[in-house]
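Before any comments, here is the structure.
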Amino acid sequence: MDKVRVGIIGFGNMGSGHFGNIKSGRCPEIEVTAVADVKPARLEAAREASGGSVALFDDALKMLDSGLVDAAIVAVPHYDHPRYAMECFRRGIHVMVEKPAGVYTKQVREMNEAAAKSGVVFGMMFNQRTNCVYRKMRELVQSGKYGQIRRTNWLITNWFRSQAYYDSGDWRATWSGEGGGVLMNQCPHQLDLWQWICGMPARVSAHLSFGKWHDIEVEDDVTAYVEYPNGATGVFITTTGDGYGTNRFEVQMDGAKLVVEDDKLRVWEFAQPVPEFLKTCQTPFGSIEATEIQVETDGENPQHSGVLNAFAGAILRGEPLVAGGEEGIRGLTLSNAMHLSQWTGRTVELPLDEDEYFAQLQKHVAASRRKTNVREAFADTKGTYGGVK
Ligand SMILES: NC(=O)c1ccc[n+]([C@@H]2O[C@H](COP(=O)([O-])OP(=O)(O)OC[C@H]3O[C@@H](n4cnc5c(N)ncnc54)[C@H](O)[C@@H]3O)[C@@H](O)[C@H]2O)c1
(Lines give C-alpha, C1' and ligand atoms only; values in the text may rest on other atoms or scores of the structure.)
Protein backbone atom coordinates (compact mmCIF):
# COMPACT_ATOMS: atom_id res chain seq x y z
CA MET A 1 0.00 0.00 0.00
CA ASP A 2 1.51 3.38 -0.90
CA LYS A 3 -1.60 5.46 -0.17
CA VAL A 4 -4.13 5.09 2.58
CA ARG A 5 -7.71 4.96 1.31
CA VAL A 6 -9.74 7.07 3.69
CA GLY A 7 -13.49 7.37 4.21
CA ILE A 8 -14.84 10.49 5.93
CA ILE A 9 -17.79 10.05 8.29
CA GLY A 10 -19.61 13.38 8.52
CA PHE A 11 -19.10 15.91 5.71
CA GLY A 12 -19.89 19.06 7.69
CA ASN A 13 -17.52 21.92 8.53
CA MET A 14 -14.67 19.71 9.64
CA GLY A 15 -15.21 16.69 7.43
CA SER A 16 -15.24 18.92 4.34
CA GLY A 17 -12.20 20.76 5.74
CA HIS A 18 -10.27 17.49 5.95
CA PHE A 19 -11.39 16.65 2.44
CA GLY A 20 -10.13 20.03 1.18
CA ASN A 21 -6.73 19.54 2.84
CA ILE A 22 -6.31 16.10 1.32
CA LYS A 23 -7.55 17.16 -2.11
CA SER A 24 -5.20 20.13 -2.20
CA GLY A 25 -2.21 17.77 -1.95
CA ARG A 26 -1.21 18.56 1.62
CA CYS A 27 -1.55 14.87 2.57
CA PRO A 28 0.20 13.04 -0.28
CA GLU A 29 -0.13 9.59 1.27
CA ILE A 30 -3.90 9.80 1.70
CA GLU A 31 -6.69 9.58 -0.83
CA VAL A 32 -10.35 10.03 0.04
CA THR A 33 -12.28 7.18 -1.55
CA ALA A 34 -15.62 7.52 0.25
CA VAL A 35 -17.80 9.88 2.27
CA ALA A 36 -20.73 9.04 4.54
CA ASP A 37 -23.27 11.54 5.82
CA VAL A 38 -26.86 11.25 6.95
CA LYS A 39 -27.83 14.48 5.17
CA PRO A 40 -28.41 14.22 1.40
CA ALA A 41 -27.32 17.86 0.97
CA ARG A 42 -23.92 17.08 2.50
CA LEU A 43 -23.49 14.06 0.22
CA GLU A 44 -24.29 16.32 -2.70
CA ALA A 45 -21.64 18.76 -1.43
CA ALA A 46 -19.15 15.88 -1.31
CA ARG A 47 -20.07 14.84 -4.83
CA GLU A 48 -19.47 18.37 -6.09
CA ALA A 49 -16.24 18.85 -4.13
CA SER A 50 -14.79 15.59 -5.42
CA GLY A 51 -16.05 15.91 -8.98
CA GLY A 52 -17.83 12.59 -8.49
CA SER A 53 -14.64 10.68 -7.63
CA VAL A 54 -15.67 9.44 -4.17
CA ALA A 55 -18.27 6.81 -3.27
CA LEU A 56 -21.15 8.25 -1.25
CA PHE A 57 -23.00 6.51 1.58
CA ASP A 58 -26.01 7.58 3.63
CA ASP A 59 -24.93 5.15 6.34
CA ALA A 60 -21.40 5.10 7.74
CA LEU A 61 -21.56 1.39 8.49
CA LYS A 62 -22.24 0.60 4.84
CA MET A 63 -19.15 2.62 3.97
CA LEU A 64 -17.04 0.74 6.52
CA ASP A 65 -18.29 -2.56 5.09
CA SER A 66 -17.73 -1.52 1.47
CA GLY A 67 -14.10 -2.61 1.19
CA LEU A 68 -13.30 0.86 -0.17
CA VAL A 69 -11.56 2.25 2.91
CA ASP A 70 -8.48 1.29 4.93
CA ALA A 71 -9.08 4.10 7.41
CA ALA A 72 -11.81 6.48 8.50
CA ILE A 73 -11.97 10.02 9.82
CA VAL A 74 -14.83 10.47 12.30
CA ALA A 75 -16.12 14.04 12.01
CA VAL A 76 -19.71 13.76 13.26
CA PRO A 77 -21.09 15.38 16.45
CA HIS A 78 -19.22 14.29 19.59
CA TYR A 79 -21.57 11.70 21.10
CA ASP A 80 -20.99 9.43 18.11
CA HIS A 81 -17.18 9.55 18.13
CA PRO A 82 -16.67 6.46 20.33
CA ARG A 83 -19.42 4.54 18.55
CA TYR A 84 -17.89 4.93 15.09
CA ALA A 85 -14.36 4.41 16.39
CA MET A 86 -15.49 1.08 17.83
CA GLU A 87 -17.20 0.13 14.57
CA CYS A 88 -13.84 0.73 12.87
CA PHE A 89 -11.91 -1.35 15.43
CA ARG A 90 -14.33 -4.23 14.93
CA ARG A 91 -13.61 -4.21 11.19
CA GLY A 92 -9.84 -3.72 11.42
CA ILE A 93 -10.15 -0.20 9.98
CA HIS A 94 -7.71 2.46 11.19
CA VAL A 95 -9.40 5.52 12.61
CA MET A 96 -8.76 9.20 13.27
CA VAL A 97 -11.31 10.66 15.67
CA GLU A 98 -12.14 14.35 15.86
CA LYS A 99 -11.93 16.07 19.22
CA PRO A 100 -13.39 15.64 21.77
CA ALA A 101 -12.88 11.88 22.17
CA GLY A 102 -16.51 11.65 23.25
CA VAL A 103 -18.81 13.34 25.74
CA TYR A 104 -18.35 11.26 28.89
CA THR A 105 -15.31 9.32 30.00
CA LYS A 106 -17.28 6.16 30.77
CA GLN A 107 -17.96 5.81 27.05
CA VAL A 108 -14.45 6.85 26.04
CA ARG A 109 -12.94 4.28 28.41
CA GLU A 110 -14.97 1.61 26.61
CA MET A 111 -13.59 2.92 23.31
CA ASN A 112 -10.02 2.82 24.63
CA GLU A 113 -10.40 -0.74 25.89
CA ALA A 114 -11.71 -1.83 22.50
CA ALA A 115 -8.84 0.03 20.78
CA ALA A 116 -6.23 -1.79 22.82
CA LYS A 117 -7.54 -5.14 21.56
CA SER A 118 -7.99 -4.08 17.94
CA GLY A 119 -4.44 -3.63 16.67
CA VAL A 120 -5.45 -0.77 14.32
CA VAL A 121 -3.94 2.71 14.28
CA PHE A 122 -6.13 4.98 16.42
CA GLY A 123 -5.43 8.71 16.43
CA MET A 124 -7.03 11.80 17.94
CA MET A 125 -7.31 15.06 15.99
CA PHE A 126 -5.40 17.24 18.43
CA ASN A 127 -4.09 19.49 15.68
CA GLN A 128 -2.89 22.18 18.11
CA ARG A 129 -0.21 19.77 19.32
CA THR A 130 1.52 20.35 15.97
CA ASN A 131 2.10 24.02 16.80
CA CYS A 132 5.84 24.55 17.37
CA VAL A 133 5.29 26.97 20.25
CA TYR A 134 3.35 24.43 22.31
CA ARG A 135 5.72 21.62 21.36
CA LYS A 136 8.66 23.74 22.52
CA MET A 137 6.88 24.79 25.70
CA ARG A 138 6.23 21.13 26.52
CA GLU A 139 9.85 20.22 25.84
CA LEU A 140 11.08 22.95 28.22
CA VAL A 141 8.54 22.26 30.98
CA GLN A 142 9.17 18.53 30.90
CA SER A 143 12.96 18.70 30.52
CA GLY A 144 13.47 19.11 34.27
CA LYS A 145 15.75 22.07 33.57
CA TYR A 146 13.45 24.53 35.37
CA GLY A 147 12.46 22.31 38.28
CA GLN A 148 8.86 21.99 39.31
CA ILE A 149 5.70 23.73 38.12
CA ARG A 150 4.41 26.24 40.70
CA ARG A 151 1.40 27.65 38.84
CA THR A 152 -0.38 27.32 35.50
CA ASN A 153 -2.78 29.86 34.13
CA TRP A 154 -4.72 29.68 30.86
CA LEU A 155 -6.97 32.58 29.89
CA ILE A 156 -8.63 31.47 26.67
CA THR A 157 -11.46 33.86 25.99
CA ASN A 158 -11.02 34.49 22.28
CA TRP A 159 -13.60 31.86 21.32
CA PHE A 160 -16.31 34.47 20.67
CA ARG A 161 -19.39 32.93 19.08
CA SER A 162 -22.61 34.71 18.10
CA GLN A 163 -26.12 33.35 18.56
CA ALA A 164 -26.14 32.63 14.82
CA TYR A 165 -23.32 30.15 15.35
CA TYR A 166 -25.30 28.30 17.99
CA ASP A 167 -28.38 28.34 15.79
CA SER A 168 -26.46 26.88 12.84
CA GLY A 169 -26.93 23.25 13.89
CA ASP A 170 -29.67 21.74 16.05
CA TRP A 171 -27.17 19.52 17.92
CA ARG A 172 -25.06 22.48 18.98
CA ALA A 173 -25.06 23.72 22.57
CA THR A 174 -27.63 21.20 23.79
CA TRP A 175 -27.11 18.53 26.46
CA SER A 176 -28.52 15.79 24.26
CA GLY A 177 -26.83 16.87 21.03
CA GLU A 178 -23.44 18.08 22.23
CA GLY A 179 -23.17 17.32 25.94
CA GLY A 180 -21.61 20.64 26.86
CA GLY A 181 -20.69 24.06 25.56
CA VAL A 182 -17.39 25.90 25.30
CA LEU A 183 -15.58 23.13 27.21
CA MET A 184 -16.84 20.45 24.88
CA ASN A 185 -16.66 22.23 21.54
CA GLN A 186 -14.03 24.96 21.57
CA CYS A 187 -11.69 24.03 24.45
CA PRO A 188 -10.82 20.37 23.93
CA HIS A 189 -7.62 21.61 22.25
CA GLN A 190 -6.53 23.77 25.20
CA LEU A 191 -7.58 21.19 27.80
CA ASP A 192 -5.48 18.64 25.96
CA LEU A 193 -2.46 20.95 25.64
CA TRP A 194 -2.77 21.99 29.28
CA GLN A 195 -2.48 18.38 30.47
CA TRP A 196 0.01 17.44 27.70
CA ILE A 197 2.38 20.18 28.84
CA CYS A 198 1.74 20.32 32.60
CA GLY A 199 0.29 16.89 33.48
CA MET A 200 -3.04 16.03 35.08
CA PRO A 201 -4.19 17.74 38.28
CA ALA A 202 -5.33 15.83 41.35
CA ARG A 203 -8.53 17.82 41.93
CA VAL A 204 -10.77 20.29 40.11
CA SER A 205 -13.16 22.95 41.32
CA ALA A 206 -15.11 25.04 38.82
CA HIS A 207 -17.75 27.70 38.33
CA LEU A 208 -19.69 27.38 35.07
CA SER A 209 -22.51 29.59 33.84
CA PHE A 210 -25.03 28.02 31.52
CA GLY A 211 -26.46 30.24 28.79
CA LYS A 212 -25.04 33.37 30.40
CA TRP A 213 -24.32 35.23 27.18
CA HIS A 214 -26.37 33.25 24.65
CA ASP A 215 -29.76 31.58 24.41
CA ILE A 216 -28.28 28.11 24.96
CA GLU A 217 -28.63 25.47 27.68
CA VAL A 218 -24.93 24.61 28.14
CA GLU A 219 -21.97 26.55 29.54
CA ASP A 220 -20.61 29.64 27.81
CA ASP A 221 -18.54 30.95 30.72
CA VAL A 222 -16.08 28.97 32.87
CA THR A 223 -13.60 29.65 35.68
CA ALA A 224 -11.85 26.53 36.95
CA TYR A 225 -9.25 26.03 39.66
CA VAL A 226 -7.08 22.91 39.84
CA GLU A 227 -4.48 21.49 42.22
CA TYR A 228 -1.63 19.30 41.02
CA PRO A 229 -0.13 16.36 42.92
CA ASN A 230 2.97 18.46 43.76
CA GLY A 231 0.86 21.21 45.33
CA ALA A 232 1.03 23.56 42.33
CA THR A 233 -2.22 25.24 41.36
CA GLY A 234 -3.79 26.20 38.05
CA VAL A 235 -6.60 28.33 36.68
CA PHE A 236 -8.47 27.86 33.39
CA ILE A 237 -10.83 30.60 32.23
CA THR A 238 -12.86 30.49 29.06
CA THR A 239 -15.96 31.91 27.42
CA THR A 240 -17.60 32.38 24.04
CA GLY A 241 -19.03 35.71 25.17
CA ASP A 242 -16.11 38.16 25.43
CA GLY A 243 -16.06 40.64 22.58
CA TYR A 244 -12.30 40.86 22.20
CA GLY A 245 -10.84 37.96 24.10
CA THR A 246 -7.38 36.78 25.04
CA ASN A 247 -5.41 33.57 24.61
CA ARG A 248 -2.60 33.61 27.16
CA PHE A 249 -1.04 30.52 28.71
CA GLU A 250 1.48 31.04 31.50
CA VAL A 251 3.48 28.44 33.41
CA GLN A 252 5.44 29.55 36.46
CA MET A 253 8.23 27.16 37.38
CA ASP A 254 10.95 27.15 40.02
CA GLY A 255 13.52 28.27 37.47
CA ALA A 256 11.57 30.15 34.79
CA LYS A 257 8.38 31.75 33.59
CA LEU A 258 7.01 30.57 30.24
CA VAL A 259 4.23 32.37 28.36
CA VAL A 260 2.50 31.61 25.09
CA GLU A 261 0.52 34.54 23.73
CA ASP A 262 -0.11 35.79 20.18
CA ASP A 263 1.36 32.51 18.92
CA LYS A 264 4.75 33.34 20.44
CA LEU A 265 6.59 31.58 23.23
CA ARG A 266 8.49 33.82 25.65
CA VAL A 267 10.72 32.43 28.38
CA TRP A 268 12.35 34.26 31.32
CA GLU A 269 15.03 32.31 33.16
CA PHE A 270 15.70 33.08 36.82
CA ALA A 271 19.20 33.66 38.20
CA GLN A 272 18.33 31.37 41.11
CA PRO A 273 15.49 28.85 41.58
CA VAL A 274 12.58 30.46 43.45
CA PRO A 275 12.62 28.04 46.46
CA GLU A 276 16.28 28.86 47.08
CA PHE A 277 15.86 32.61 46.50
CA LEU A 278 12.90 32.76 48.92
CA LYS A 279 15.12 31.40 51.68
CA THR A 280 18.39 33.16 50.95
CA CYS A 281 17.33 36.63 49.83
CA GLN A 282 18.37 39.07 52.57
CA THR A 283 16.30 42.09 51.54
CA PRO A 284 12.57 42.28 52.37
CA PHE A 285 11.55 43.53 48.93
CA GLY A 286 14.22 41.68 46.97
CA SER A 287 13.17 40.32 43.60
CA ILE A 288 14.60 37.58 41.53
CA GLU A 289 16.72 38.41 38.49
CA ALA A 290 14.88 37.19 35.40
CA THR A 291 16.38 37.28 31.92
CA GLU A 292 14.38 36.74 28.79
CA ILE A 293 16.07 34.19 26.55
CA GLN A 294 15.65 33.65 22.83
CA VAL A 295 13.77 30.45 22.20
CA GLU A 296 14.32 28.66 18.92
CA THR A 297 11.50 26.56 17.52
CA ASP A 298 11.41 24.62 14.26
CA GLY A 299 8.76 27.07 13.02
CA GLU A 300 6.47 24.24 11.92
CA ASN A 301 2.72 24.35 12.56
CA PRO A 302 1.06 21.98 10.11
CA GLN A 303 -2.21 21.61 12.08
CA HIS A 304 -4.81 19.19 10.66
CA SER A 305 -2.76 18.07 7.68
CA GLY A 306 0.19 17.39 10.01
CA VAL A 307 -1.98 15.13 12.15
CA LEU A 308 -3.27 13.32 9.05
CA ASN A 309 0.22 12.91 7.57
CA ALA A 310 1.44 11.36 10.82
CA PHE A 311 -1.63 9.09 10.79
CA ALA A 312 -0.71 7.89 7.28
CA GLY A 313 2.91 7.40 8.40
CA ALA A 314 1.71 5.33 11.35
CA ILE A 315 -0.39 3.11 9.08
CA LEU A 316 2.18 2.75 6.32
CA ARG A 317 5.44 2.62 8.29
CA GLY A 318 4.62 2.38 12.00
CA GLU A 319 5.69 6.00 12.64
CA PRO A 320 4.50 7.93 15.72
CA LEU A 321 1.14 9.70 15.78
CA VAL A 322 0.72 13.32 16.85
CA ALA A 323 -1.76 12.08 19.48
CA GLY A 324 -2.80 8.53 20.20
CA GLY A 325 -6.57 8.04 20.35
CA GLU A 326 -6.37 6.80 23.94
CA GLU A 327 -5.02 10.19 25.04
CA GLY A 328 -8.33 11.90 24.35
CA ILE A 329 -9.71 10.76 27.69
CA ARG A 330 -7.44 13.09 29.66
CA GLY A 331 -8.72 16.45 28.43
CA LEU A 332 -12.25 15.05 28.53
CA THR A 333 -11.71 14.07 32.17
CA LEU A 334 -10.91 17.72 32.89
CA SER A 335 -14.07 19.03 31.27
CA ASN A 336 -16.24 16.28 32.85
CA ALA A 337 -14.73 17.18 36.23
CA MET A 338 -15.50 20.89 35.68
CA HIS A 339 -19.12 20.11 34.85
CA LEU A 340 -19.43 17.78 37.83
CA SER A 341 -17.94 20.38 40.16
CA GLN A 342 -20.52 22.95 39.04
CA TRP A 343 -23.42 20.50 39.23
CA THR A 344 -22.54 19.24 42.71
CA GLY A 345 -21.02 22.42 44.15
CA ARG A 346 -17.93 20.59 45.36
CA THR A 347 -14.30 19.95 44.48
CA VAL A 348 -13.93 16.88 42.28
CA GLU A 349 -11.09 14.48 43.03
CA LEU A 350 -9.40 12.70 40.13
CA PRO A 351 -9.71 9.98 39.00
CA LEU A 352 -13.22 11.09 38.32
CA ASP A 353 -16.23 9.12 39.53
CA GLU A 354 -17.39 8.32 36.00
CA ASP A 355 -20.71 6.83 37.06
CA GLU A 356 -21.60 9.91 39.06
CA TYR A 357 -20.75 12.15 36.11
CA PHE A 358 -22.76 9.98 33.75
CA ALA A 359 -25.81 10.00 36.06
CA GLN A 360 -25.67 13.80 36.22
CA LEU A 361 -25.27 14.10 32.46
CA GLN A 362 -28.27 11.84 31.90
CA LYS A 363 -30.42 14.16 34.03
CA HIS A 364 -29.41 17.11 31.89
CA VAL A 365 -29.98 15.18 28.68
CA ALA A 366 -33.46 14.19 29.85
CA ALA A 367 -34.30 17.87 30.39
CA SER A 368 -32.65 19.00 27.16
CA ARG A 369 -34.44 21.13 24.58
CA ARG A 370 -33.59 18.56 21.99
CA LYS A 371 -35.73 15.96 23.70
CA THR A 372 -36.21 13.46 20.91
CA ASN A 373 -32.58 12.46 20.94
CA VAL A 374 -32.04 11.14 24.45
CA ARG A 375 -31.67 7.59 23.18
CA GLU A 376 -29.56 8.72 20.26
CA ALA A 377 -27.24 10.58 22.62
CA PHE A 378 -26.44 7.48 24.61
CA ALA A 379 -26.38 5.01 21.77
CA ASP A 380 -23.52 2.59 22.01
CA THR A 381 -22.44 -0.40 20.06
CA LYS A 382 -24.11 -2.91 22.36
CA GLY A 383 -27.60 -1.62 21.55
CA THR A 384 -27.99 -0.24 25.03
CA TYR A 385 -28.09 3.44 25.74
CA GLY A 386 -25.51 4.13 28.39
CA GLY A 387 -27.14 1.43 30.47
CA VAL A 388 -30.65 2.80 29.76
CA LYS A 389 -32.64 0.30 27.67
N1 LIG B 1 -10.16 19.71 15.08
C2 LIG B 1 -10.78 20.83 14.83
O3 LIG B 1 -10.15 21.87 14.65
C4 LIG B 1 -12.29 20.84 14.75
C5 LIG B 1 -12.94 21.98 14.26
C6 LIG B 1 -14.35 21.94 14.14
C7 LIG B 1 -15.05 20.82 14.53
N8 LIG B 1 -14.37 19.74 15.04
C9 LIG B 1 -15.12 18.55 15.49
O10 LIG B 1 -15.69 17.91 14.37
C11 LIG B 1 -16.95 17.35 14.72
C12 LIG B 1 -18.00 17.84 13.72
O13 LIG B 1 -18.12 19.26 13.87
P14 LIG B 1 -18.62 20.15 12.65
O15 LIG B 1 -18.42 21.56 13.05
O16 LIG B 1 -18.01 19.67 11.36
O17 LIG B 1 -20.17 19.80 12.67
P18 LIG B 1 -21.21 19.90 11.46
O19 LIG B 1 -22.56 19.89 12.05
O20 LIG B 1 -20.82 20.99 10.52
O21 LIG B 1 -20.95 18.52 10.68
C22 LIG B 1 -21.32 17.26 11.17
C23 LIG B 1 -21.74 16.40 10.00
O24 LIG B 1 -21.95 15.08 10.45
C25 LIG B 1 -23.12 14.57 9.82
N26 LIG B 1 -23.63 13.48 10.65
C27 LIG B 1 -24.28 13.56 11.83
N28 LIG B 1 -24.53 12.31 12.30
C29 LIG B 1 -24.04 11.45 11.38
C30 LIG B 1 -23.97 10.04 11.31
N31 LIG B 1 -24.47 9.26 12.28
N32 LIG B 1 -23.38 9.48 10.21
C33 LIG B 1 -22.86 10.25 9.23
N34 LIG B 1 -22.92 11.60 9.25
C35 LIG B 1 -23.47 12.19 10.31
C36 LIG B 1 -24.04 15.77 9.73
O37 LIG B 1 -25.05 15.59 8.75
C38 LIG B 1 -23.06 16.87 9.36
O39 LIG B 1 -22.90 17.00 7.95
C40 LIG B 1 -17.25 17.79 16.15
O41 LIG B 1 -17.02 16.73 17.04
C42 LIG B 1 -16.29 18.92 16.40
O43 LIG B 1 -15.85 19.02 17.74
C44 LIG B 1 -13.03 19.74 15.14
Quiz item: Among the candidates Arg47, Arg90, Arg5, Arg109, which residue alone is outside any loop (DSSP other than H, G, I, E, B) and within 18 Å of the chain's Cα centre (by Cα)?
Solution: Arg109
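Got a sec? Which of Gly181, Gly177 is over 22 Å from Thr233 (Cβ atoms) and modelled with pLDDT under 95? Walk me through it before giving the result.
Values: Gly181 fails: modelled with pLDDT under 95.
Result: Gly177 is the single residue among Gly181, Gly177 that is over 22 Å from Thr233 (Cβ atoms) and modelled with pLDDT under 95.
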Quiz item: Which number in (1) part of a helix (DSSP H, G or I); (2) at positive phi marks the one condition that Gly299 misses?
Solution: (1)
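Give me the residue from segment 22-44 that is in a helix (DSSP H, G or I) and touching a strand residue (DSSP E or B) at 6+ places or on another chain (Cβ under 9 Å) and, out of that set, nearest to the ligand (Cβ to nearest atom).
So in segment 22-44, the residues in a helix (DSSP H, G or I) come out as 22-23, 40-44.
Of the ones still in play, those that are also touching a strand residue (DSSP E or B) at 6+ places or on another chain (Cβ under 9 Å) are 22-23, 42-44.
On the way: Ile22: 15, Lys23: 17, Arg42: 4, Leu43: 9, Glu44: 11 Å.
If we take residues in segment 22-44 being in a helix (DSSP H, G or I) and touching a strand residue (DSSP E or B) at 6+ places or on another chain (Cβ under 9 Å), then Arg42 is nearest to the ligand (Cβ to nearest atom).
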Practice problem: Could you grab the pairs with beta carbons closer than 6 Å, sequence gap of 6+ or different chains, first residue in segment 1-27 and closer than 18 Å to Trp171 by Cα, second one assigned to a helix (DSSP H, G or I)? | Solution: Ile9/Ala60; Ile9/Tyr84; Phe11/Arg42; Phe11/Ala46
Self-check item: Leu208 within 16 Å of the ligand (Cβ to nearest atom), modelled with pLDDT of 95 or more and of a type in the set (A, V, I, L, M)
Solution: no
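Of the residues that sit in segment 41-91 and are in contact (Cβ under 8 Å) with a residue 12 or more places away in the chain and among the hydroxyl-bearing types (Ser, Thr, Tyr), which one is farthest from Arg5 (Cα to Cα)?
Keep residues of segment 41-91 that are in contact (Cβ under 8 Å) with a residue 12 or more places away in the chain, which gives 42-43, 45-46, 49-50, 54-66, 68-91.
Filter once more, keeping what is among the hydroxyl-bearing types (Ser, Thr, Tyr): 50, 66, 79, 84.
Working: Ser50: 14, Ser66: 12, Tyr79: 25, Tyr84: 17 Å.
Residue satisfying both the conditions and the ranking: Tyr79.
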Quiz prompt | Where a residue in segment 122-137 is touching a residue at least 24 places away in the same chain (Cβ under 8 Å) and its partner, wherever it lies, is assigned to a strand (DSSP E or B) and within 12 Å of the ligand (Cβ to nearest atom), with Cβ under 7 Å and at least six apart | solution = Gly123/Met96; Met124/Val97; Met125/Met96; Met125/Val97
Practice problem: Check off (1) under 22 Å from Lys99 (Cβ atoms); (2) touching a Ser or Thr at 6+ places or on another chain (Cβ under 8 Å); (3) buried (at least 22 other Cβ atoms within 10 Å of the Cβ) for Ala34 and give me the number that stays unchecked. | Solution: (1)
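So which of Thr174, Thr223 is surrounded by fewer than 23 Cβ atoms within 10 Å (Cβ to Cβ) and of a type in the set (Val, Ile, Thr)? Working first, answer last.
Working: Thr174 fails: surrounded by fewer than 23 Cβ atoms within 10 Å (Cβ to Cβ).
Result of the check over Thr174, Thr223: Thr223.
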Quiz item: Within segment 106-121, can you find the residues that are touching a residue at least 40 places away in the same chain (Cβ under 8 Å) and among the polar types (S, T, N, Q)?
Solution: Gln107, Asn112
Exercise. Collect the residues in segment 95-121 that are within 16 Å of the ligand (Cβ to nearest atom) and of a type in the set (A, V, I, L, M, F, W, C), keeping them in residue-number order.
Key: Val95, Met96, Val97, Ala101, Val103, Val108, Met111
Quiz item: In segment 156-263, which strands (runs of 3 or more DSSP E) lie fully inside it and hold 1 or more residues that are in contact with a Ser or Thr (Cβ under 7 Å, 6 or more places away or on another chain), without any contact (Cβ under 8 Å) to a residue 60 or more places away in the chain and of a type in the set (Ser, Thr, Tyr)?
Solution: 219-227
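Suppose the filter is of a type in the set (A, V, I, L, M, F, W, C) and away from the ligand (no atom under 15 Å from the Cβ); does Trp159 pass it? Write out each step before concluding.
Details: of a type in the set (A, V, I, L, M, F, W, C): yes; away from the ligand (no atom under 15 Å from the Cβ): no.
The answer is no for Trp159.
The values are calculated or read from the model by the stated rules, or taken from the named source; none is laboratory data. Quick caveat, the model's predicted, so the values are computed rather than measured. Please note: Cβ atoms are built from the backbone with ideal geometry, for glycine as well, and neighbour counts cover all protein chains shown.
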